[in-house]
Structure formats: C-alpha cells, structure tokens
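Below: the structure, in structure tokens.
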Amino acid sequence: MPARAPPRRLRALPPPPPPLWLLLLLALGGRPLSAEPGDGAQTWARFARPPTPEAAGLLHDTFPDGFLWAVGSAAYQTEGGWQQHGKGASIWDTFTHRPPAPPGDPSAAGWPSGAPSPPPPATGDVASDGYNNVFRDTEGLRELGVTHYRFSISWARVLPNGSASAPNREGLRYYRRLLERLRELGVQPVVTLYHWDLPQRLQDAYGGWANRALADHFRDYAELCFRHFGGQVKYWITIDNPYVVAWHGYATGRLAPGVRGSPRLGYLVAHNLLLVTIRLDGVDVIGYTAWSLMDGFEWHRGYSIRRGLFYVDFLSQDKKLLPKSSALFYQKLIENNGFPPLPENQPLEGTFPCDFAWGVVDNCIQVDTTLSQFTDPNVYLWDVHHSKRLIKVDGAVTKTRKSYCVDFAAIRPQIALLQEMHVTHFHFSLDWALILPLGNRSQVNLTVLRFYRCVASELVRANITPVVALWRPAAPHQGLPAPLARHGAWENPHTALAFAEYASLCFQDLGRHVKFWITMHEPSTRNMSYSAGHNLLKAHALAWRTYDERFRRSQKGKISIALQADWIEPACPFSPEDREVAERVLEFDIGWLAEPIFGSGDYPRVMRDWLNQRNNFLLPYFTDEEKKLVRGSFDFLALSHYTTILVDWEKEDPIKYNDYLAVQEMTDITWLNSPGQVAVVPWGLRKVLNWLKAKYGDLPMYIISNGIDDDPHAAQDSLRVYYMQNYVNEALKAYILDGINLCGYFAYSFNDRTAPKFGLYRYAANQFEPKPSMKYYRKIIDNNGFPGPETLGRFCPEEFTLCTECSFFHTRKSLLAFIAFLLFAFVISLSLIFYYSKKGRRGYK
C-alpha cells in the first residue's frame, strides 16, 4: 500500500451571512416547518443523555428488507474524456484550465502574499477515465455487492452546447452502455441530472444559474434524459447539493464557475435552483449511498485527497481499480444488511465452577495501627474546660490485658463490608517501604507487620481468602523503600536480592494465614527500562524459588506474578500491516514479562528482532542459569484487564503516535467511554484470554483486577453495572465456549476512599455506602454467574475454612473421635462403678 500523502492545508470556506431562510427552505425541499422553538435542543439532549449505557453504543441490528445499498460517483470527478466524441466544455473544464492567479490578486484567496506563483490547478481531463472503462467500473460494483449505483450524467456530454436541439449521440450511447451493463449485473441505477457541471455555453450566454431562463434549458435537458433512459432508470435526483452550487459557485467563487459576487447573487441562484427543484422533484429515495465508488478529481482539492472505495493509480495507463479496506467493509455491510447481532456478542447463560474465586481488589489498604484503649497502660485526664483533650499522667501506669487483632479498630468494619459483598477472596498489596524502611531486615516495623498479619487472620476467620501482593508500583518511590530508590531502584541488581529477602520475611510471618501470593502486581512495562525489567524478572523468580524451596511444603500455598494485559486490536481487520502492529504491541506490553516466565525463558523474538532493526541493543540477555531461574516460576497466570486499544500502522495523530514502536493508537467512536475516557470493550477480555492460552498453554488463569471509573457526582454508577455484566459474561464465554482454565475474577476496586471513582462502595463523611454496582456484583456471586431457565443446576456445598488456630483439631478428626469415645467409655464406667457401689452398701445395711 503506498504511503498516504499529507493533506493539503486549505482555508475554511467562509460561511454565508444571515439570513439563510432561503437555503434552509431549499434543503427541506420546500416543505413547511412544524416545530416549536427549543425542540431541536431537546432532541439533541435526548441523544446526549441516553437512558442506559447500551443506548450510547453501536446498535447491532439490520435494515428492513429492500433497503437500498448504493455507491456513488460524479461525471466530472471520474469520467475524464473531456474532449472525446464531441463532448462540449463544462464550467469545470474552464475553471480548472484557467491560468493561476498571480500572488496578491484578490482571486488568489488563501495564497500568501510575496510567495511564488501557485502551481496550475489539477484538472478532470482524464480523472479515473471512466468514460473508457465501463466494464472496469461495473466490476467494482459487482465486487461490492451493491443493489444500486448512483452516478450523474454530464449535461455537456449529451448536449454539448446546452441546448436540447443538438444532442450528442456518442454521449447518449455511453450512458446507454453503462445502463445496460448495470441491468446485466442486477444493479438499479440512481441518476443525478446535475452534479455541478453546467455546459460552458449556457454560462457564457445567460450568466449561468443567475438567469431564470436556465430553468427552461434544464427542463429540456431533463426531458431528453427521461425520454432516452427513463425505461431503465426509476430513481432520479435533480440537483446534487444546490447549496454548494449557489453559494460557492456564485458568492464566494471557490468553485466553478468561480463568480465572486455578492451574497444577494448567491440567494438569487438558490431561488432559481429552487424553482427547478419544485418543478421536477418528487422522488423519495430510501437507502444509503457510500461516496464514492473510486478515487477521482475532488473539485477544488484536485487529487490531494482520495474518497473512493477503490484505489486508482492516476499515473498508470489502464487506471486499474484496487479495493481498499473500506470497500471490503462496505461489502460485508451490504452482505449483512447492516449490523446484525453477532453470536459471539450475545450474552451467554451459564455458571462458573463451584470453587471459582470471586474477589475484590484494594491495592492500598489503609494501615491504621491505632490500638484499642485496653492495650494502653497509660492513664489520662480529660481537660474538659480548656483543650478538650486527654492529658497523659506521668508515672501512672496500669496493668493491661493481652492485645488481640480486634484491637485494630480499622480491620473489622472493612471485613464486614466484604462479607456484605459475599466475596470469597480479597486482594490487597503490602507496603514494602513500611515493613522494611531501610530496605533490609536490619530494621523491621513489627507493628505494621502485625497489622497485616491481623488483616489476613481476620479474613480467614470470616471465611475470606486473602490474596496478598508483595509489591506494586506506587508513588513516591515506585513502592520501594527510600534507600533502594535512591540507589537506582530496579536498575540496580541489588534490589532483586533485597526483594527476595523481603519476600522471605513475609512468607515467614504471614504464610500461616496467606495461601495465595502475588509477587508483583501490574509492573508497568510502558514506564520501565529494559534493564529494570530484567532485574524485576529475576526478583520475581528469586521470590518464587524461595517460596517453592522453603515454604511451600509447610504452608501449601501458591504464588505467581500479575501482569496488566489490555487487548490490542488492529484498527483495520483487513490490513496485514495493522495485524502485525497489533501483535508487536502485545509482545511489548505483555510478552516482555510473560514470555520469560510462562514461555521460553527468554524475551519474545518479535521484541528482540524489532529492537535490532532499530539499532537498539539495550535489551539484556539471560544467562543459562538465569533462564532456568526465571522459566516456570509460576503456579498460575494472573492478569489485570481494563480496556482495548485500536492500533494502526499509519501515522495520523502525532500526539497518539508511538515512534518507538511505529504504531498509531486510536479509539472507535462507536465504543462506550467512561468519564476518564477508558473504552468499554468487553470482547477484548475474551480475546486476550485466548491469546494467552494460545501462547502459553492451558494454564490456570485469574482475572486479578477488572474495573472502570465512574462519575463521582452521579448517584447511580450504571456504566459500571453495564461494564461488570458484560465483562464477567465474556469471562464466562471464555470458560464455557473456549475452554479457558479460568479460576477466578476480581473486581476493581473495593471503595472510593483508596481508589477514587473506581470503588464499589462510595465513601463520604467517614461512611461507606454501597453503590448499585456492588449489589449487582453480589448478585452475580450469589448466582455463580448467569444461570438461565435451561442452565443445569449445580450443587455447590458450602465450604468453610476454619480458623488457623483450629487447624490442629480439623486435621485430626479420627484421633479426636477415638479420644472422645475413650473418654465417654471412661465416664460411663465410672458412673456404673459408682452406681453399683452405692447399691451394694444399701443392700448390706
């Protein structure tokens, strides 16, 4: 595909001054208005605030039977043959052959003063050469599958001098040949009588459309066309876009015939065109016409832009047509008669397995180590009259009871909210900098560590599985202790060793309660150097090996890394270049960290080849020993997914163009967007799950974080409800239809206090209030998916995870039963001995 030429800068066409009542009347075909002031604003407001998120998205439905699918062209833009077979000159022939105006001339509007003379204007002398290529053009129609073809008749080709007294037989024969070919293909013609190309003779003799006498000549021309072609043409258009003809032809002079007159002259021309329309119009065309069939002469823009569905090489002799991707899309659109609901987009009824993990995420739980008053040995006096504060009494110390986890006042209310949500898992991250302020075990904050231990143990007591991430990137030092951040952070290989030491401490102290570990949560590949990523991978692997070798046997937990995995979709599904770009971005975004762990043990080949092409040799190499260390360091695959991004290989918007990867990011205007401009594309989740399975095999997968922002001022977070409903349903499709080994889904986020705009709970005035999305998520959890009337019932026995302190008894049921039996027998034996001993004494007496 040739490189896209940059568009020529053009001055905006000046808008006509008021009043515009005449042109508005013309646009409405002379029909009276029937509306009250403000009705238009109400109509737009109705579409601007749709009642549901679905109403704002792309409607999937089909058009009624008999809908007209058409493509169009205009004679001067595509025919060429300007002097062939007796064709007369049109106003556009004269307009494009005029000599360029010198700089400074008023007619050279928009050309900078003092600059060299502008180049001669482009012409439509040959254009797409449609006059000599009837069969070629109609083959394009056949490929598209259109039902109708809109084209215009060149007035100057059938009536060279504009008068019906001297018709051009060759011109009439050309249009008859075109109509006959359309009949063979079963394509209905839609014929425009006038598409801006008035015979030059009429312009010279009458001054063009400024003279009312032209209406009679147009009537004669139209009757000639009706007489010769009416048997084959059932749909007629009198004049195409009369506003352009009137205003830019006779007022601004931007278009042919180039008359720079007063606004009054523009209105006069519009009036005369209106008279023609009233006399001859009356055809009601119902359908859609794509403009245009092929590239051609684009009026005052010449050949600087292309609007055709088919590409035309204007420099070649045969002017061969090549279908663009838009032609392929339009072909499918016609074939489907619109946008029918796709089977893969239909909601699926069904349920997840009984042991499916339903969770919620709180990346940064508030560490509140304030203890209960019963654990404080000090004595205080309350200054009631002045400061209203408690004043510590020096030297007064009381005896306190033993401290318990319930003494942390912040823990129990949070767990109560989780229980209200009915989740089975709760995912939160530890703060490395709080636990080890110096980055090593020389100084351990035991109070913070105990707080985390209490959170985990209380979760287990409430039958909620804690899912704990050791590290996640966060301000101010990427979530690292300050000394490590000052010494290069992840750029320093020592940080990997420090992380392994930190992980060992957490496994040792929290592993009794935590059986589900995440080493690193969403390391940002787009803001990380290759050396930092290299050390981060080794840090993860060291932590995983530490757990596997030292703690797995006793703690019986599982551990892996959580990667962000948004889907990358090619903007044009028909373009191999776009598909290649999408795959490249996926490898850089996901494969960079996933391939060494879940795949080959090395970086993706696509990634290294691309960097070598661009003379970038900064991507490190693993030694054989490091490959063995990193490869296979997982128990499951955890991914965070939020949205889908479109990518294109051609540069269009410099702001969204990534020069490093040679990729243009864009959005689809038919997609729903959150207030934060995050696209809602549910099918992207299913695609990324299948992509991961295809690359790394049938691994256990967890959607460890999935959510969207909302409007904090809105009472109802209906967009999040829609988001959650459709994303969870896509996860269900991946599980049932695609065979993805999906083990869990975690909603992001728990509350607005720690993740503003993302929470399922609203936080205001120190109170947590459930949003509608929380209640909807609870319903999904209670149903274990989306069961339907025909969904087979599945009995899921209630599973209780007993407290860790009770595990001794839970694992020794048989022994305890035997001991209980012996105790019972012993008690019965003593009772019998006591009973008979007393009876014997009574009998003796």
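Taking 0.36 nm per residue of sequence separation and subtracting the Cα-Cα distance, how much length would be gained by fully extending the chain between residue 264 and residue 524, in nm to one decimal?
Numbers: separation 260, 0.36 × 260 = 93.60 nm, distance 6.30 nm.
The span from residue 264 to residue 524 would gain 87.3 nm if fully extended.
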TODO: Could you please rank 640, 560, placing first whichever residue has the fewest other Cβ atoms within 10 Å of its Cβ?
DONE: 640, 560
Task: residue 837 versus residue 531: modelled label distance in nm, points set 7 Å from Cα along the beta carbon direction - done: 8.6
Task: Computed E for residue 822/residue 671 - FRET, C-beta separation, R0 60 angstrom, nearest 0.05 - done: 0.30
- [ ] Evaluate the distance, in nm, between pseudo-label points positioned 7 Å from the Cα of residue 477 and of residue 396 along their respective Cα→Cβ axes.
- [x] 4.1
TODO: Name the residues whose placed amide hydrogens come within less than 5 Å of the amide hydrogen of residue 196, ignoring near sequence neighbours (fewer than 5 apart) on the same chain.
DONE: 240
- [ ] Compute the signed sum of charges (Lys and Arg +1, Asp and Glu -1) over the other residues within less than 11 Å, Cβ to Cβ, of residue 684.
- [x] -1
Task: Length added when fully stretched, residue 577-residue 226, from 0.36 nm per residue minus Cα-Cα - done: 121.6 nm
Open item on the list: So for each of 71-80, 428-437 I average, over its residues, the number of other beta carbons within 10 Å; can you give me the resulting order with the highest mean first?
Closed with: 71-80, 428-437
Open item on the list: Place a point 7 Å from the Cα of residue 699 along the Cα-to-Cβ direction; which residues of the range 507-526 have their backbone N under 15 Å from it?
Closed with: 517-523
Open item on the list: Below 25 Å, Cα to Cα, which lysines can residue 388 reach? Residues fewer than 8 away in the same chain don't count.
Closed with: none
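Once you have the Cα-Cα distance between residue 617 and residue 463, take 0.36 nm times their residue separation minus that, and quote the gain in nm to one decimal.
Numbers: separation 154, 0.36 × 154 = 55.44 nm, distance 5.05 nm.
That pair, residue 617 and residue 463, stretches by 50.4 nm at full extension.
Determine, from the Cβ-Cβ distance of residue 185 and residue 687 and an R0 of 56 Å, the FRET efficiency 1/(1 + (r/R0)^6), rounded to the nearest 0.05. It would help to have the intermediate numbers written out before the result.
Numbers: r = 38 Å, r/R0 = 0.68.
Rounded to the nearest 0.05, the efficiency is 0.90.
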Task: Inter-label distance for residue 738 and residue 549, nm, one decimal - labels placed 7 Å from Cα along Cα-to-Cβ - done: 3.7
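For each of 318, 137, count neighbouring Cβ atoms within 10 Å of the residue's Cβ, then give the residues from fewest to most. Don't skip to the answer; put the middle values down first.
Working: 318 10, 137 24.
Arranged by neighbour count, lowest to highest, 318, 137 become 318, 137.
At a 10 angstrom cut-off on C-beta neighbours, averaged per residue, how do the peptides 308-314, 179-185 rank from highest to lowest? Don't jump to the answer; show the numbers that get you there.
On the way: 308-314: 20.6, 179-185: 14.9.
Those peptides, ordered most packed to least, come out 308-314, 179-185.
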Task: Rounded Å value of the spacing that divides the Cα centres of the range 601-662 and the range 701-749 - done: 26
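Output the pairs from 651/733; 324/695; 538/733; 558/771; 538/558; 627/757 with a Cα-Cα distance over 30 Å in this structure; if there are none, say none.
651/733; 324/695; 538/733; 558/771; 627/757
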- [ ] Going by C-beta contacts inside 10 Å, put 388, 234 in order with the fewest on the left.
- [x] 388, 234
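Can you give the FRET efficiency for residue 364 and residue 177, using 1/(1 + (r/R0)^6), R0 = 45 Å, r = Cβ-Cβ distance, to the nearest 0.05?
On the way: r = 74 Å, r/R0 = 1.65.
After rounding to 0.05, the efficiency reads 0.05.
Readers should treat all values here as calculations from the given coordinates under stated rules, not as data from a laboratory. All values reported here derive from a predicted model rather than from experimental measurement. Heads up, the Cβs are rebuilt from the backbone with ideal geometry, glycines too, and the neighbour counts pull from every protein chain shown.
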